[in-house]
Every structure is written in C-alpha cells, then in structure tokens.
Amino acid sequence: GENVEQHPSTLSVQEGDSAVIKCTYSDSASNYFPWYKQELGKGPQLIIDIRSNVGEKKDQRIAVTLNKTAKHFSLHITETQPEDSAVYFCAASGSGGGADGLTFGKGTHLIIQP
Amino acid sequence: DTAVSQTPKYLVTQMGNDKSIKCEQNLGHDTMYWYKQDSKKFLKIMFSYNNKELIINETVPNRFSPKSPDKAHLNLHINSLELGDSAVYFCASSHGLAGGPTQYFGPGTRLTVL
C-alpha cells in the first residue's frame, strides 16, 4: 500500500518568513495530493490540493509543487501570519479508484513566532 | 450550515462497553469515511462507504462496524471497547470521483476508554 513520509515534524519560523513542508510517497499510481490544516480541537481542513497532471498550484500565500518522477510534493506558505500556526498534513490517494481513503503523513507542527 | 457533523463530540466509557458515534453530511456526497487519529496525531483510514457498500477496510478489528442507513449518514459502532481504542475519530465525505475526490472532515469525536 501507499506510504507517505512528511518532514519536518516541527517547524518554527518568524512571522513574515516563508515555511516549506515536504512529503514523499511510495505508490507511483497515486494521483491526488491534498494538504490539510488542523487546528487544536478541530477536524482537518483542506487548504490546497494538486493532481498528478499538474506540477504546481498556487492560492494566495499558499502553493504546492509536485515532482512525479521523484514522488515528492511540497507545501509553501509565504508571508506567514500567527493564524498559520497549526498542524499540517500531506496525503496521497488515487491508485485504487474513485472512493479511496487518504494515506496521511505524520504531520508538521508549524509554529509562527511573533 | 454544518457540512459534516458528528455526535457526540466527547465520549467517555468503560472497557468492555459498546458505543456508537454518529455522522451526517449535508453536502450531497455519495462516499463517506471514518478515520482514527491516535495520541501522536497520526490519521489513518478505517472505512469508506460508497452507495451503501463498504469499499475499504484497513485491517480494522471486527469489533468496529460501520453502518450507513442512507447516503447522508455513516455511523460507527464499536463493541467490547478496549483501552487502545481511545483516540479521536473523524468522519469525512466526498464525491466518488475518479482521480482523487476532495474529502471534507467533521469536527471529530474524542473517545476515552477507562
């Protein structure tokens, strides 16, 4: 089955700086890669996703890049703000058809220092 | 206007008891999921239901049984609860589209087994 590795487990950045979280996946048939943000006591919330036919996607301060050859994808957050502090999860799915569950990475605790 | 809702939010019970967690989505999705998040925040797929059929069962003990009375509901029944079942359980839903459907998560149910 799919295995997703995520690094780093904790990331502390100064407010206004950029943050980058990296993930690798094992199943070359995976074709959908979402990123979720989880705040304390809440459910995961989708912030951006990318499909395997696209190399990069951007939404305001958030961008995701995908390298299918290397089986690697990354989340980039620019101009970080205190409200960006949360746990971020990458995930992969798609090799099994339309109703796949997501395979998650172990999460990155992002801390924005004021 | 809650998209995916779960009840209860907190559940404290004794070992050996039987309990249920309810999930409802008002998004018109045809696929629903249950995920378990352990104490280390690791999220793992347990089940998915598409048109009332079980699609995935990721080596979950048969003490856990999902039940879907209709497309908008997927309840989780747990028999003979064990200490290791303590976790946060998340329900999610999506359209069953090929190529990786976007999954929307509920707020979670924190289960504590004493």
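The values are calculated or read from the model by the stated rules, or taken from the named source; none is laboratory data. Keep in mind it's a predicted model, so treat the numbers as computed, not measured. Reconstructed Cβ throughout: ideal geometry from the backbone, glycine too, with neighbour counts over all protein chains shown.
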Discussion item. Suppose we keep only residues that are part of a loop (DSSP other than H, G, I, E, B) and of a type in the set (D, E, K, R) within segment A:11-48. Which one would you say is nearest to the chain's Cα centre (by Cα)?
Written reply: A:Glu39
Discussion item. I'm checking my understanding of the structure. Among residues of segment B:43-64 that are surrounded by 14 or more Cβ atoms within 10 Å (Cβ to Cβ) and of a type in the set (D, E, K, R), which one is farthest from A:Phe104 (Cα to Cα)?
Written reply: B:Glu58
Worksheet item: Here are some residues: B:Lys67, B:Lys40. Which one is surrounded by fewer than 16 Cβ atoms within 10 Å (Cβ to Cβ) and within 12 Å of the chain's Cα centre (by Cα)?
Response: B:Lys67
Worksheet entry | Flag if B:Val88 is of a type in the set (A, V, I, L, M, F, W, C) and either free of Cβ contacts under 8 Å to residues at least 40 places away in the same chain or away from chain A (no Cβ under 14 Å) (or both) | no
Fill in: Single residue of B:Leu11, B:Leu76, B:Leu81, B:Leu27 found to be part of a loop (DSSP other than H, G, I, E, B) and within 30 Å of A:Thr108 (Cβ to Cβ)
B:Leu27
Discussion item. Looking at segment A:48-71, can you tell me whether even one residue there is surrounded by fewer than 19 Cβ atoms within 10 Å (Cβ to Cβ), touching a residue at least 60 places away in the same chain (Cβ under 8 Å) and either more than 18 Å from B:Phe90 (Cα to Cα) or among the basic types (Lys, Arg) (or both)?
Written reply: no
Response to the item:
Result of the Cβ filter at 8 Å on segment A:85-101, keeping first residues that are assigned to a loop (DSSP other than H, G, I, E, B) and partners that are at pLDDT 95 or above and surrounded by fewer than 21 Cβ atoms within 10 Å (Cβ to Cβ), at least 6 apart or interchain, is A:Ser85/A:Ile111; A:Ser85/A:Ile112
